[in-house]
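Take a look at the structure set out below.
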Amino acid sequence: MLALALPLLALLLLFLGSLALGKFPVSPHDLLAVLWSKLTGAPSGVSAAVETVVWQIRLPRIAAAVLVGAALAAAGSTYQGLFRNPLVSPDILGVAAGAGLGAVVGIFFSLSAVGVQALAFLGGIGAVLAVYLTGAAMRGRDPILVLVLAGVAMGTLLGAAISLVKVLADPYNQLPAITFWLLGSLTAITLPDLRAVLPAVLIGLVPLYLLRWRMNLMTLGDEEARALGVETRMLRILFIAAATLMTSAAVSVSGIIGWIGLIIPHAARLIAGPEFSRLLPAAMLLGAGYLLAVDTLARTMAEIEVPIGILTAFIGAPFFLWLLATARRGWQ
Amino acid sequence: MTLSAEHLDFGYRGRSVGSGVSIDIRSGEVLCLLGPNGGGKTTLMKTLLGLLPALAGRVLLDGEDIVHMRRKRLARIVGYVPQAHLAFFPFAVLDIVLMGRSAHIPLFGAPSQADRAVAERALGRLGIAHLKTRVYTEISGGERQLVMIARALAQEPRILIMDEPTASLDFGNQLRVLNQIAALARAGIAVVFSTHDPDHVFLCGDRVALLHDGRMEEIGPPEAIITAASLKRLYGVDVQVVELPDHETRTCVPSVHGLRRRGEGLPAP
């Protein structure tokens, strides 16, 4: 229980801190007054500007960070278990590259923000579908290995397509937007955006939650799981579909945010163990807290907004190396 | 409960490993598979378990082709002990054994108190109850092998197929596992296990099948099948099969000619 209580407490503190911090600082007293008035309906007695900053500007962004972080961490935990590999992240089957291409094409054709998001979402799902169908066509070999290798090839192919669009894009209007999107940012997120992606994330979470104990068996590998009575093919499709849905939905609003789906499952395994019904909630809490902390840092540390992908890599990569060097060899 | 193979060809797609194997496995019997490396023992077992599709012929469980059975139903009847290996994640031993209950737990369910009791009984039966909170990746190879057996027992199968269950065990644990195998057979379970040690066949096998180059050469009681001649044919080495003075047990003794140099090379007194 402690394994969940501490991350939950940390997330709560981060939530309050993130509401207060920023270009327009809100004092703890004002923040409490605003929150209290929301709960009780009593007038808060603080200026309307403070109310606007807290509810209209910061809250949607905080909610987005929590949602995207939790979704990426859940998807990462699922993929790592499914592919029995601790180096796997949610983009293993080409989700990120597919979503990236969708978004970049959307920006290239100057679509609206909603259009870009929709293309990113469809691109992510389309890439994974293509990888899965390719893998399924090569029957009779280790299904997991085939999927991973097909995913690597697809990722490279889509990466080349992204580069091509970047070369063709208008360097003054489109290229900065493309670069910013590919590095991830929560700057432009609005409440309607969140309402659009929340159902996809929740739908993806349902099978993960219902099958949380079965997931453990998938980590034993295809043959052993089948010998223990698991219909692995059906479960694999379900898990991949769920994780892909969550990742695509998250990436479609946030852009590509690397490292969370890779390192957060490791951190969660350290505190909650590998058993998936305990791992999943811990990973989601940690992922939410981590992205919220990073996003708060991204919008407060400098005069300009720092793309999140840069920060998650700067923090994530050393953390990963530290894990590699010091943690008991948990994944072996 | 009878598991039988009829004219079974087995192997991987595009690569046949063995052919023409017909075999019956009956309740309460211990059947050993003996044969050199690469003889097809593991592949045959995986085919009997339905993990690999038969290239030709059929595997029948009480007359029903296992191709048409769902994995869950099959897993309630046939258990599998793979060769001990490393898990990818540091599960607690009890969590690993609980996974053996999977065929008894609904799709969206998790292990109940009753499932835990079964898992703990399986650990106790193998004398490793003290390992239950240990981390599977941090125990010894022999302990891991015992955990794999406990997991298969938690499955409560009627037929147990074990791939070299004694391979990574020390001398004491080997005998403990062989004792368990004999006890399981007495309880009415059919046990199939592969081994590299003919002595293990003498100790607890009711029948033995010799598997060589993917063909089943002979099958029958150990005393009739395991002879100096058959071992020479199987492994290409000279062995004497000796009956112990109790007239009950036989053992294989390699011909030591040229192996041990009695007295030679020792420092002079």
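The values are calculated or read from the model by the stated rules, or taken from the named source; none is laboratory data. Predicted, not measured: the structure shown is a model, and the values here were computed from it. Note: ideal-geometry Cβ built from the backbone for every residue, glycine included; neighbour counts use all protein chains shown.
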(message) Of all residues being crowded, with 17+ Cβ neighbours inside 10 Å and touching a Ser or Thr at 6+ places or on another chain (Cβ under 9 Å) in segment B:134-157, which is modelled with the lowest pLDDT? Just the residue, please.
(response) B:GLY142
(message) Return the residues of segment B:236-250 that are surrounded by fewer than 12 Cβ atoms within 10 Å (Cβ to Cβ) and of a type in the set (D, E, K, R); say none if nothing qualifies.
(response) B:ASP246, B:GLU248
(request) Kindly list, by first and then second residue, each pair from a residue in segment A:254-280 that is facing chain B (nearest Cβ under 10 Å) to a residue that is charged (D, E, K, R) and not in a loop (DSSP other than H, G, I, E, B), limited to pairs with Cβ atoms under 9 Å and residues at least 6 apart or on different chains. (result) A:GLY273/B:ASP95; A:PRO274/B:ASP95; A:GLU275/B:ASP95; A:PHE276/A:ARG214; A:LEU279/A:ARG269
(message) Could you check segment B:77-99 and list, in sequence order, the residues that are at pLDDT 95 or above, facing chain A (nearest Cβ under 7 Å) and within 21 Å of the chain's Cα centre (by Cα)?
(response) B:TYR80, B:MET99
(request) Only one of these is closer than 18 Å to B:ALA167 by Cα, of a type in the set (A, V, I, L, M, F, W, C) and within 14 Å of chain A (Cβ to nearest Cβ): B:VAL147, B:VAL135. Name it. (result) B:VAL147
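Let me confirm something: among B:VAL97, B:VAL59, B:VAL147, B:VAL67, which residue is in a strand (DSSP E or B) and closer than 30 Å to A:LEU238 by Cβ? Break it down stepwise before answering.
On the way: B:VAL97 fails: in a strand (DSSP E or B); B:VAL147 fails: in a strand (DSSP E or B); B:VAL67 fails: in a strand (DSSP E or B).
Being in a strand (DSSP E or B) and closer than 30 Å to A:LEU238 by Cβ holds for just one of B:VAL97, B:VAL59, B:VAL147, B:VAL67, which is B:VAL59.
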(message) Cβ contacts < 6 Å: first residue within 14 Å of chain B (Cβ to nearest Cβ), restricted to segment A:85-97; second residue part of a helix (DSSP H, G or I) and buried (at least 24 other Cβ atoms within 10 Å of the Cβ), any location; separation 6+ or different chain. Result?
(response) A:PRO86/A:GLN80; A:VAL88/A:TYR79; A:VAL88/A:GLN80
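From the set of residues in segment A:201-240 that are of a type in the set (Val, Ile, Thr) and surrounded by 15 or more Cβ atoms within 10 Å (Cβ to Cβ), which is farthest from the other protein chains (Cβ to nearest Cβ)? Break it down stepwise before answering.
First, the residues of segment A:201-240 that are of a type in the set (Val, Ile, Thr): A:201, A:203, A:206, A:219, A:230, A:232, A:237, A:240.
Subset that is surrounded by 15 or more Cβ atoms within 10 Å (Cβ to Cβ): A:201, A:219, A:230, A:232, A:240.
Working: A:VAL201: 20, A:THR219: 6, A:VAL230: 6, A:THR232: 8, A:ILE240: 17 Å.
Once the filter is applied, the top-ranked residue is A:VAL201.
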(message) Anything in segment B:185-227 that is free of Cβ contacts under 8 Å to residues at least 40 places away in the same chain, buried (at least 16 other Cβ atoms within 10 Å of the Cβ) and part of a helix (DSSP H, G or I)? List them, or say none.
(response) B:ILE225
(request) Looking only at segment A:24-56, count how many residues are free of Cβ contacts under 8 Å to residues at least 24 places away in the same chain and either part of a loop (DSSP other than H, G, I, E, B) or under 21 Å from the mean Cα position of the chain (by Cα) (or both). (result) 9
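Any idea which residue in segment B:100-114 is nearest to the other protein chains (Cβ to nearest Cβ), counting only those that are outside any helix (DSSP H, G or I) and closer than 19 Å to A:GLU224 by Cα?
Within segment B:100-114, the subset outside any helix (DSSP H, G or I) is B:105-112.
If we keep only those that are closer than 19 Å to A:GLU224 by Cα as well, we get B:105-107, B:110-111.
Working: B:ILE105: 7, B:PRO106: 10, B:LEU107: 7, B:ALA110: 4, B:PRO111: 7 Å.
Residue satisfying both the conditions and the ranking: B:ALA110.
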(message) I need a count of the residues in segment A:180-200 that are surrounded by fewer than 22 Cβ atoms within 10 Å (Cβ to Cβ) and in a helix (DSSP H, G or I).
(response) 12
(message) All but one of (1) assigned to a loop (DSSP other than H, G, I, E, B); (2) touching a helix residue (DSSP H, G or I) at 6+ places or on another chain (Cβ under 6 Å) hold for B:GLY38; state the number of the condition that does not hold.
(response) (2)
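Of the residues A:ASP170, A:ASP142, which single one is within 14 Å of chain B (Cβ to nearest Cβ), surrounded by fewer than 19 Cβ atoms within 10 Å (Cβ to Cβ) and of a type in the set (Asp, Glu)? Break it down into steps so the answer makes sense when it comes.
Working: A:ASP170 fails: within 14 Å of chain B (Cβ to nearest Cβ).
Just a single option satisfies the conditions, and that option is A:ASP142.
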